[in-house]
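Quick notes on the structure that follows.
The values are calculated or read from the model by the stated rules, or taken from the named source; none is laboratory data. Owing to the predicted nature of the structure, the values given are computational and were not obtained by experimental measurement. Heads up, the Cβs are rebuilt from the backbone with ideal geometry, glycines too, and the neighbour counts pull from every protein chain shown. Quick note on the areas: whole protein, heavy atoms, side chains included, nothing else; ligands and nucleic acids left out. Shrake-Rupley method; radii C 1.70, N 1.55, O 1.52, S 1.80 Å.
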Amino acid sequence: MTKRTVLISGGGRGIGAATGRAMMQAGWNVSLGMREPALPAWASEGPGAVQACAYEATDPGAAERWVAEARARFGGIDAVVANAGIMIRKDVIAAEDDELARLMEVHVAAPRRLAKAAWDDLAACGRGRVIIVSSLSGKRVKSAISSLYSVSKFAATGLAHALRHTGFDKGIRATAVCPGFVATDMGLPLTTRSAEELTDPADIGRAIRFLIELPNTSSVAEFAVNWTLEESF
């Protein structure tokens with residue numbers, strides 16, 4: 001059986017790296033998009049092959065270049081995980097226009113460009129998958145200080161739904177993965193909780209692998225996971 005290939009942005013650490021490792025261990029070829037590409041220590045664990053590619057989410061041409069590089073190495077592309085993200089902790093009034101624009105660029109425009117660049121490959125395989133790593137902040141606004149971030153993540157969740165509708169008849173399934181606090185370099189500074197209390201990024205990686213490997217007859221629009229009890233999540 002020919003190995004399938006997944007592209008993962010923000011693949012150098014956190015959820016991206018954990019997802020890459022989970023997919024590689026399941027036999028997938030993994031192309032990691034990073035600002036500074038370098039193969040991780042686990043890249044030799046197999047059975048899937050791992051590639052590190054230069055990818056900057058704010059560069060309009062980065063997605064096309066990355067897709068071409070991955071296609072040249074592995075052939076077709078079967079799945080995309082848009083995971084690259086940034087945090088700006090400001091409320092929607094205190095924030096400047098350029099700060100909102102940066103969040104929207106990384107969390108919405110860049111994932112759309114990445115899905116678009118890989119779209120023909122995703123359709124050709126008949127079971128293409130797009131995972132948009134959104135957030136529970138894309139489901140509810142929990143505080144003023146996180147509200148600007150929430151605006152962009154609500155849009156990211158909407159992008160996943162838009163892609164799901166656009167690609168459904170082509171066999172493409174899209175899912176918004178919406179975690180709460182995760183024990184990553186970005187998540188830990190945002191809370192006083194210890195890493196042991198928060199969701200392990202490896203658990204998110206395993207969940208993404210599960211979602212990607214579901215058959216076309218099991219379409220999951222959103223997948224929410226939290227480290228604690230909230231009223232709805």
>> Please enumerate, by chain and number, the aspartates and glutamates with C-alpha under 17 Å from the C-alpha of K153, excluding those fewer than 8 residues away in the same chain.
In response: D91, D97, D98, E99, E105, E222
>> Beyond a 30 Å Cα-Cα separation, which of these cross-linked pairs lie in this structure: K116/K139; K90/K170; K116/K142; K3/K142; K139/K170?
In response: K90/K170; K116/K142; K3/K142
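Provide the packing ranking of 131-142, 69-80, 160-171, i.e. peptides ordered by the mean count of other C-beta atoms within 10 Å per residue, highest first. Provide the component values of the computation, followed by the final result.
Numbers: 131-142: 23.5, 69-80: 20.5, 160-171: 16.4.
In descending order of packing, they fall as 131-142, 69-80, 160-171.
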>> Which order do the peptides 219-230, 90-101 come out in when sorted by mean C-beta neighbours inside 10 angstrom, highest first?
In response: 219-230, 90-101
>> Using a probe radius of 1.4 Å on heavy atoms only, what accessible surface per residue do you get for segment 131-233? Whole Å² is fine.
In response: 47 Å²
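So if each residue of separation counts as 0.36 nm, and I subtract the Cα-Cα distance between L214 and D91, what length gain in nm does that give?
Values: separation 123, 0.36 × 123 = 44.28 nm, distance 3.79 nm.
Contour length minus the Cα-Cα distance gives 40.5 nm.
For R73 and K3 in the same chain, what is the full-extension length gain: residue separation times 0.36 nm, less their Cα-Cα distance, in nm?
This chain segment gains 24.0 nm when fully extended.
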>> Charges at C-beta only: +1 for Lys and Arg, -1 for Asp and Glu. How large is the resulting dipole of the chain about its Cα centre, in Debye rounded to 20?
In response: 580 debye
>> Need the full-extension length gain, S143 to A38, defined as separation in residues times 0.36 nm minus the C-alpha distance. One decimal, nm.
In response: 34.2 nm
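Kindly report the accessible area of segment 61-119 per residue (heavy atoms of protein chains, probe 1.4 Å, no ligands, DNA or RNA), in Å². Walk me through the numbers on the way to the answer.
Working: 2750 Å² over 59 residues.
Accessible area per residue: 47 Å².
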> Relative to the longest principal Cα axis of the chain, at what angle does helix 147-167 sit, 0 to 90 degrees, rounded to 10?
Replying inline: 30 degrees
>> Taking all protein chains in place and a 1.4 Å probe, what share, in percent, of the accessible surface of segment 46-89 do carbon and sulfur account for?
In response: 51 percent
> Does anyone have the angle between helix 201-213 and the longest principal axis of the chain? Alpha-carbon axes, 0 to 90°, nearest 10?
Replying inline: 50 degrees
> What part of the accessible area of segment 119-233, given as a whole %, is carbon or sulfur when the probe is 1.4 angstrom?
Replying inline: 54 percent
> Relative to the longest principal axis of the chain, what angle (0 to 90°, nearest 10) does the C-alpha long axis of helix 62-74 take?
Replying inline: 30 degrees
